[in-house]
Structure formats: C-alpha cells, structure tokens
Amino acid sequence: MKTTSAPILAIVFGLSVGLHPDPAPADTVPLSGAVSNAIEQVIIPDYEALVATSETAVKAMSALCEEPDSVGLTRAREAFAPLAIAFSAVEPYRFGPSRAENRFERLFFWPDSRGRGLRQVQGILAEKDDTAIDRESLQQKSVAVQGLPALEFLLFGTDSDAIARGEDTFRCRYAQATAEAISDVSRQLLNAWNAEDGIAARLRNPADDNPVYRTSEEAMQELLKAVRQQLQATAELKLEVALGDAPDRSKPKTLPFWRSGLALKAVDANLEAVARLIDAWNLPAILDEETALIAQQLDYELKTAQDAVTRANAIDPDIQAVVKSQEGHSQLAYSRIPMKSVIALLSEDIAHALGLTVGFNALDGD
C-alpha cells in the first residue's frame with residue numbers, strides 16, 4: 001500500500017507504570033474491574049455505533065449514485081453527520097488495532113496543515129482516476145484520500161452540488177468507494193476488539209505471558225493515556241491552533257469537519273467519550289475518600305468544558321462565524337481551561353492514587 005507519512009497526531013505521552021512513594025496496595029485498587037467496565041460499557045458499544053453509522057453512509061451513497069438528485073445528496077450528507085460523531089467517540093483509541101495497517105490514519109488523516117490530503121483528493125477528481133472508485137484499489141492509495149476528511153470534501157466541498165444534478169458521477173462513485181473503505185476499516189477495528197485473542201481480551205486478562213499487558217496497572221495505563229492524549233489533542237491541536245491569539249487571527253478551517261458544520265459537535269463528542277470512559281471506571285468506588293472527591297471534580301471540569309463548547313456552537317451554525325466572533329472565541333478559549341485541569345488531575349492525583357506515575361510528555365516540549 002502506498003502511504004503518506006502519518007499526521008502528527010500520534011502523540012507520545014510517556015505514561016508508565018511505576019512506583020509512587022505511597023502507591024495504593026494492589027488488592028485495594030480493583031483496576032481489572034475498571035478496565036472491563038470501560039470496554040463493555042463504552043469502547044465496544046462505540047465501535048459498534050461506528051460500524052452501524054458507516055453502513056448507513058454506504059447505503060446513502062449507493063442510493064445517491066444510482067439516482068442522483070438533491071434529496072439523495074441531502075440524505076448522504078445527513079448520513080455523514082452521525083458517522084463523523086461516532087468516529088469522534090472512538091478517536092481516543094489510537095493504540096492496538098488502530099495502529100496496525102495505518103487504520104487510524106485511513107479513517108482520519110488529520111492534522112493536514114499543508115493541505116496534502118486535499119490536494120490529492122482534488123487530483124483524483126481532476127484526473128478521474130478509475131482506481132479511486134473501487135474500494136479495494138482505493139485502499140491501496142494514500143491514507144489521505146480514503147477517510148472521513150476525504151469523504152467530507154466529496155460531499156460538502158467545492159462543486160459537490162454537481163452530484164445532485166447528475167453532472168459528476170465520478171465524484172459520487174469515489175465518495176461511495178470512500179464510504180465503503182471507511183466501513184471496512186471500522187468493521188476491522190470492531191472485530192479486532194472482539195476477537196478471542198484481541199485487544200479487549202488482552203486488556204481484561206493481563207498476565208506474564210500476555211504479549212502486551214502484564215498487569216492490571218499496565219492495562220489501566222493504556223486507557224488513562226488514551227484519555228489524556230485525546231484531551232490534549234482536543235485542547236491544543238484542535239482548539240488552540242484554530243483560535244489563535246484573537247478572533248481576527250483565528251484559523252477555523254484547521255478544525256476537522258468544518259465543511260459539514262460538525263466541527264464543534266465533533267469536539268463535544270470527544271469530550272463526551274472521555275467523560276463516559278472515566279465514568280465507567282467508577283473511580284469514587286475504588287479510591288480513598290479524599291481522592292474520590294478529586295474524581296468528582298473530573299466530572300465537573302468535563303461538564304464545564306462541554307458547556308462552553310455547547311454555548312459556542314449555539315452562536316452560529318458556521319464555525320468560521322463562531323471563532324471569529326468575540327463571544328465564540330472566548331467560550332472556546334475558556335473551554336480549554338477545564339480540559340487542562342482534567343489532564344492535570346489525571347496525571348497527578350488520580351494516577352498516583354492508582355499506583356501509576358506519569359513520565360515525559362512529548363507535547364510539553366521540554
């Protein structure tokens with residue numbers, strides 16, 4: 001498969017299991033239950049939702065290409081929304097099967113600060129490359145031309161309305177193949193989580209002969225790292241870059257899913273996924289009384305961040321208008337404060353209470 005270099009979203013967090021000066025005794029911290037709850041209550045259901053929404057998108061695209069009209073295009077665009085939100089819910093899980101075969105990048109080539117992916121998609125449209133309208137041959141191409149950002153441009157980008165007029169059947173078929181590729185990778189990921197010897201089984205059953213996780217602490221580390229990584233990506237790679245120093249210096253088009261009007265809904269889905277994962281851990285039940293109060297603060301901070309994003313999203317359906325307004329800019333800038341508070345609480349108080357220590361963070365720059 002021809003690949004581009006992976007986007008700078010593979011953030012190394014250096015979160016490692018170690019000895020805290022006063023770690024909680026292993027038998028008082030039932031981490032295996034927290035890990036199992038997260039898998040059963042959140043991760044697997046969210047991957048199932050991704051598969052279901054991807055299949056709906058494929059059906060909508062197939063119907064549109066068979067009988068192109070404005071109604072069909074509207075339905076295809078409407079099917080894209082739950083698909084993008086479902087992906088945003090599993091976006092934190094960049095480990096395990098997401099790393100294999102560039103699956104994560106195949107679904108979500110982002111950030112793309114140089115517009116490399118867009119240029120490649122536009123090149124395929126200009127050349128009418130027939131290998132892009134077949135799922136299998138499309139999947140042999142660059143990861144940048146077969147995922148959600150590519151499908152969004154095909155459905156919402158420049159000249160996409162020509163699909164409804166039947167004037168661009170190639171673009172429609174390319175979009176259909178892209179939806180099929182997304183659905184295929186989504187199914188691969190779900191299968192990899194559910195497999196008898198898959199990532200879920202390995203997380204649930206740490207042991208000396210487990211090739212990935214020897215202890216429950218290491219399994220919990222993976223999930224804690226995923227949460228921190230997503231929060232930092234959302235706060236810094238998404239919002240900080242888009243906001244800039246002021247409304248007139250903002251860059252809203254750097255946010256994923258801005259064309260479809262889903263930029264802030266996707267951010268909210270990131271935060272909601274993190275909140276549900278933490279809730280599944282049931283931290284108050286496994287921590288001492290003092291630390292349990294800190295765990296409750298996590299919930300408060302996440303809700304505060306979500307409320308700020310919701311208020312910003314209510315200002316205008318156009319993300320460019322939101323970010324360039326003083327109110328919208330202020331709300332989104334403020335939302336980053338509780339996100340960073342959650343990162344700090346997880347990295348210090350919660351990690352230490354669980355007998356974990358946090359090492360070097362590549363995004364700190366020191």
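The values are calculated or read from the model by the stated rules, or taken from the named source; none is laboratory data. Just so we're clear, the structure is a prediction, and the values are computed from it rather than from any experiment. Ideal geometry is used to build each Cβ from the backbone, glycine not excepted, and the neighbour counts take in all protein chains shown. Ligands, DNA and RNA are excluded from the accessible area calculation, which covers all protein heavy atoms including side chains. Shrake-Rupley method; radii C 1.70, N 1.55, O 1.52, S 1.80 Å.
To put it simply, the accessible area of segment 272-354 at a 1.4 Å probe is 49 percent carbon and sulfur. For segment 97-210, relative contact order (Cα pairs under 8 Å, six or more residues apart, normalised by length) works out to 30 percent.
If you line up the long axis of helix 326-345 against the longest principal axis of the chain, both from Cα atoms, how many degrees apart are they, to the nearest 10? So the inclination is approximately 40 degrees.
The packing ranking, built from the mean of other Cβ atoms within 10 Å per residue, places the peptides 288-299, 182-193 in the order 182-193, 288-299, highest first. Angle of helix 70-90 to the longest C-alpha principal axis of the chain, folded into 0 to 90 degrees and rounded to 10: 20°. The packing ranking, built from the mean of other Cβ atoms within 10 Å per residue, places the peptides 147-153, 307-313, 279-285 in the order 147-153, 307-313, 279-285, highest first.
In the context of the full set of protein chains, the chain has a per residue accessible area of 43 Å² (1.4 Å probe). Expressed as a whole percent, the accessible area of segment 195-241 that falls on carbon and sulfur atoms is 40 (1.4 Å probe).
Of the residues Q221, T254, A273, the one whose Cα sits farthest towards the positive end of the charge dipole of the chain is T254 (charges of +1 on Lys and Arg Cβ, -1 on Asp and Glu Cβ, taken about the Cα centre). In this rough spin-label picture, where each label sits 7 Å from Cα along the Cβ direction, the A162-D197 distance is 5.0 nm.
The helix-only estimate of mean residue ellipticity at 222 nm for the chain, built from DSSP H runs of length n ≥ 4 each weighted as -39500 (n - 2.57), is -18000 deg cm²/dmol after division by the residue total.
Compared with the dominant Cα axis of the chain, that is its longest principal axis, helix 263-281 is turned about 30°.
Positive contributions from Lys and Arg (+1) and negative ones from Asp and Glu (-1), summed over other residues with Cβ under 9 Å from the Cβ of Q230, come out at +1.
Using Cβ point charges alone (K and R +1, D and E -1), the dipole size of the chain about the Cα centre works out to roughly 1100 debye.
Using 0.36 nm per residue of separation minus the Cα-Cα distance, give me the extension gain between Y300 and D248 in nm, one decimal. Additional length available on full extension: 15.6 nm.
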